[in-house]
1. Show the residues, 5+ positions off or on another chain, whose built amide H is closer than 5 Å to the amide H of LYS247.
2. Can you give me the angle between helix 493-514 and the longest principal axis of the chain, using Cα atoms only, in degrees from 0 to 90, rounded to the nearest 10?
3. Tabulate in residue order the Karplus-calculated ³J(HN,Hα) for segment 565-578, using 6.51 cos²θ - 1.76 cosθ + 1.60 with θ = phi - 60°, rounded to whole Hz; enter x for Gly and Pro.
4. For a quick check: with amide H placed at 1.01 Å from N, whose amide H comes under 5 Å from LEU375's, ignoring anything fewer than 5 positions away on the same chain?
5. Need one number: nm distance between label points at THR351 and ASP367, each 7 Å from Cα along Cα→Cβ, rounded to one decimal.
6. Give the lysines reachable from LYS339 as a straight Cα distance under 24 Å; neighbours fewer than 8 places away on the same chain don't count.
7. With label points built 7 Å along Cα→Cβ from the Cα atoms of ARG575 and PHE112, find their separation and express it in nm.
8. Once amide H atoms are placed 1.01 Å from N in the peptide plane, what residues at a sequence separation of 5 or more from VAL474, or on another chain, have their amide H within under 5 Å of its amide H?
Amino acid sequence: MAEGSELTTARREASAGARSRRSWQLSVDPEPERPDFSLVRRLILGSALMLFLELALIRWLGSNVVHLSYFSNFVLLGSFLGIGLGFLIARQERSVLPLAPAILAVLVIGTFLAPVTIDRAGDQIIYFTSLSTTGPPAWVVLPLIFILVAAVLAGPAEVVGRCFAELRPLTAYRWDLVGSLIGIGSFTVMSFLQAPSVVWGVLVTVAFVVLIKGRQRYVAAVAGLAMTVVLLVETLSPGISWSPYYKIHTQDRTVAGLPLTDISVNGVPHQIMRPASQRLLEEPQYGFPYQRSPANPLRNVLIIGAGSGSDVAIALAKGAQHVDAVDIDPRIMQIGVEKNPDHPYDDPRVTRHVNDGRAFLEASDTDYDLILFALPDSLALVTGASQIRLESFLFTEQALTSAREHLTAEGAFSMYNYYREDWLIDRLAGTVQAAFGHYPCVDLPGGGQAVVTAALDEPSQSCGAGHVPAGAVVAPATDDRPFLYYQGGPIPALYLWTLGGILLISLLAVRILGGPFRTMRPYADLFFMGAAFMLLETKNIATFALLFGTTWLVNAMVFAGVLLIVLAAVETTRRFRTPPLPVVFAGIAGSLAVCYVVEPEWLLTLAFGPRLVAAILLAFVPIYLANVAFSKRFGASDDSRSAFGLNLLGAMLGGCLEYLGLLTGYRNLLVMVAVLYLFAFLLTPRTRRG
């Protein structure tokens, strides 16, 4: 009887202790935790490695698997799955950390030695390329890359997950965010310095060697050394350099005694530098913008997509008195400075600007006699979390309206490229008509090429043969739906089948490593929070790309800003008494409603300072409130590893739902975000809502 009484007393004390531990999670912690700093260092390094490795794989794989840069969000989804599985594995004794460097080495070496071209056939979505497909079909390549990326990321995620078990949930989450900021900051610095891939490989290898203990550390070092050697071979290959967007390959050659330089990016031919006189002689389409506006004085010319300078040299040859040359890629522009045979960037009449074309237009108060969009086609998405290409916001109806507003009375606008499909040419001509109020001149030199030119006043145009659209004209792209190369209709089958396979693989992996799904039922709300947050982040990436440009620096600032806001939400929850969850969720709903009502185009009319303040408030208030809700719920979890892992797996669902933006536009994604947060609130255990 005494033993039973003592046991009962012990159980009551344990229960009281558990309630006491939970109480700090639901309000202010009366006794701040003093964790082992060596544990914190390990957590920070693991988190930094996760973010750095994720970004490095998105960049490197997109540069070496031809056309993967159009599908980089599959690498992001693989990263989310790997991190989520790593947290689930951290609940077990077995470890996958020692395997991660070896899997990474296999992925890098195999990709380098056996190049693959992802199938991009079909005319529903246009991809710029002149290469044929090699290797397995996309529905095999994409899931395979997805699985290998997940296996690699599971290693450092396991480290972070085991550290989570030793710390209070919000303390662990706090240092995880600090590590994430270090990871993204480090990769941003590497991008700014245009560091080659071997530098990335060395940093990742060192991090793995530090994290892995015992003799397995030497195995990791050997695997890292093998990977680094391959990356060193890539780095030392003639003509290879890196920009913040591409792996660039240049090759010099001579044709008929004239110097030429071929520029390829991510394995796809991109530009050819040749003398302007030769280009005008052999490719007459470059002269059409000047022929269609013969009275144009060309006092001030704007060229967006100036690249290596060939179009600038042509404008100077045509008598331009001043040229503003804009290109988003600093390395390609620098190659033009070094190698262009006409040396246009050395001409005092030329001013270079490294910037996003739409951002430059919106910020400029200069009027131009000619605005030229000179083959501004990209081979990459803005980030792994969106379907926006680098030039997407340059070809919307609102962008062409802005171009018209920057023309002088004698001015004209023109754009040319190898557009591939008749429906795209007709769509662009229709967009110009909507922006200018009259139909433009459309020249078709052949081979999928087109030159579309419109004077400010229709009588000032001197068109050749009239152009008749081949069929029904696709409506212009807009700032809310900037998918110029998407013809419309259902989501392409390639995306649907691949996403379905990825979700099936994810469910199987979670079931095998995490156990029955019913055991995760207490954290179903965190799953939907992860999905909602991923969609919300995607919407904000699109908004900031529209308002401030699609440059790598803007993207890095958005990601860093999101992490800082999340960290602020965590610190708020740790240090202050916050409202109950129903109030916080009501705040989320209200902030999402405000974001839905306020259209980003309204902010474009503001000066840079007020626009930045308004954009930050609109984007980050719902993120802040969402993470206060997450922090309160996560802080009260009994199993932080399962809770955090399931939240990351929910982010995978959000990444898949992002493709619905092709149908709904980005603004309507906010409705989906609100629905997901409603599910999260309804699934929150009643005992946790207080």
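Read-outs: derived from the displayed coordinates by stated rules, not from any lab. Quantities reported herein were computed from a predicted structural model and do not represent experimental measurements. In this analysis, Cβ positions are derived from the backbone assuming ideal geometry, glycine residues included, and neighbour counts consider all displayed protein chains.
1. Those lying under 5 Å, H to H, from LYS247 are ASN266.
2. Roughly 20 degrees, rounded to the nearest 10.
3. 3J(HN,Hα) across segment 565-578, in whole Hz: 5, 4, 4, 4, 5, 5, 5, 4, 5, 6, 9, 10, 6, 9.
4. Residues meeting the criterion, in which the H sits 1.01 Å from N, are TYR416.
5. 1.7
6. LYS247, LYS318
7. Simple spin-label model gives 4.6 nm for this pair.
8. ARG427
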